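Okay, so here's the structure we're looking at.
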Amino acid sequence: MAVYEQTYKQYAGALTPEWSRFLILPRYAYRTVFQSKLFIAFFVACFIYPLVASIFIYLHHNANALGILQVSLNELIPIDGSFFKFFMWWQGIFMFFLALIVGPILVSRDMTNNAMSLYLCRPFSRAEYILGKMFVLVILGSLITWVPGLLLFLFQSYLEGWAWFKDNLYIASAIYFGSFVWIILLSLLSLAISAWVKWRVVSSAILVGIFFIPFAFSGIVNELFRTKLGNLLSLQTLVNNAWDGLFGLFQREVVIGQRSTGRGRVLEQITALEPPLWSSWLMLFLIAVFCLLLLYHRIRAYEVVR
């Protein structure tokens with residue numbers, strides 16, 4: 001057929017719903033991520049502790065298994081808020097390494113290959129781009145944090161009964177919202193670093209430094225001034241305080257040392273007040289807003305070269 005006989009025709013096929021267009025990005029990102037056998041092995045390892053935790057819950061309700069193992073019920077870890085808080089802490093470590101592996105390449109590859117203009121020249125906004133890249137970590141992080149956590153909670157509720165479920169429903173909400181705080185924080189930090197740093201090794205080093213350098217600095221401030229205000233500079237402590245608040249474990253008065261008060265060698269405890277819980281939430285909110293501002297400024301359809 002001759003070229004001049006070709007005429008323009010409007011596309012008549014099915015259109016992707018506007019609300020779900022951002023999901024295209026995680027769908028193709030997973031194809032790249034799961035091509036690595038090492039990552040698949042790591043992802044499978046993330047479910048080892050949930051399996052161990054389910055065994056602990058099962059042993060609490062199986063006298064025959066306790067008899068075979070020759071373990072009394074009092075020797076087992078109690079299934080309470082502290083049990084699920086430790087579960088979140090352990091799975092949160094895996095979530096950090098997940099962000100360390102996947103996060104640095106999410107935006108940097110698009111920036112390096114000048115692909116941003118190809119994304120944004122289509123009916124695809126900056127907000128949808130950021131949301132799509134975030135969902136890569138949000139979905140993976142959810143599968144290893146609050147999803148198995150809620151399954152463990154339901155398993156314990158099934159074995160313990162309706163009364164336990166009703167009295168401990170706050171634990172389920174703490175698992176869900178606490179996990180999302182950690183996932184969103186890591187996702188925004190990873191994307192912001194990836195948008196500004198194009199080298200994967202450097203991006204990973206910066207992400208590690210953001211968590212460990214302020215943590216060490218906050219410890220120095222607390223030790224020098226005998227206070228706990230330095231904890232507002234530590235991301236780990238901010239998240240831990242937020243989790244403690246959700247699980248009802250937050251305590252403001254903290255023992256920071258002891259000293260002798262006389263010849264009788266009577267020791268006096270030196271205490272300090274942890275910053276109020278609302279200050280931890282405020283700092284986490286400000287960090288998230290700052291990361292969004294960095295992303296909004298960096299992600300655009302063109303790059304100004306000076």
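Values as computed for the structure displayed
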| item | result |
| --- | --- |
| Subset of region 192-203 that is in a helix (DSSP H, G or I) and touching a Ser or Thr at 6+ places or on another chain (Cβ under 6 Å) - its residue that is nearest to LEU235 (Cα to Cα) | ILE193 |
| Breaking point among (1) in a helix (DSSP H, G or I); (2) more than 20 Å from PRO276 (Cα to Cα); (3) touching a helix residue (DSSP H, G or I) at 6+ places or on another chain (Cβ under 8 Å); (4) not hydroxyl-bearing (Ser, Thr, Tyr), for ALA242 | (2) |
| Filtered residue count, region 17-47, keeping only those that are outside any helix (DSSP H, G or I) and hydroxyl-bearing (Ser, Thr, Tyr) | 1 |
| The listed residue being crowded, with 19+ Cβ neighbours inside 10 Å, farther than 20 Å from LEU23 by Cβ and either of a type in the set (Phe, Trp, Tyr) or touching a residue at least 60 places away in the same chain (Cβ under 8 Å) (or both), out of PHE97, PHE153 | PHE153 |
| Residue list for region 28-57, restricted to those being touching a residue at least 12 places away in the same chain (Cβ under 8 Å) and aliphatic (A, V, I, L, M) | ALA29, VAL33, ALA45, ALA53, ILE57 |
| Whichever residue in region 245-290 is among the aliphatic types (A, V, I, L, M) and part of a loop (DSSP other than H, G, I, E, B) and, among such residues, is modelled with the lowest pLDDT | VAL266 |
| Candidates VAL107, VAL197 - the one that is surrounded by 22 or more Cβ atoms within 10 Å (Cβ to Cβ), of a type in the set (Val, Ile, Thr) and at pLDDT below 95 | VAL107 |
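Okay, residues lined up against (1) modelled with pLDDT of 90 or more; (2) basic (Lys, Arg); (3) under 23 Å from ASN168 (Cβ atoms):
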position	(1), (2), (3)
HIS60	no, no, yes
ALA63	no, no, yes
GLY67	no, no, no
PHE87	yes, no, yes
ILE101	yes, no, no
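The values are calculated or read from the model by the stated rules, or taken from the named source; none is laboratory data. All values reported here derive from a predicted model rather than from experimental measurement. We place every Cβ from the backbone using ideal geometry, glycine too, and count neighbours over all the protein chains shown.
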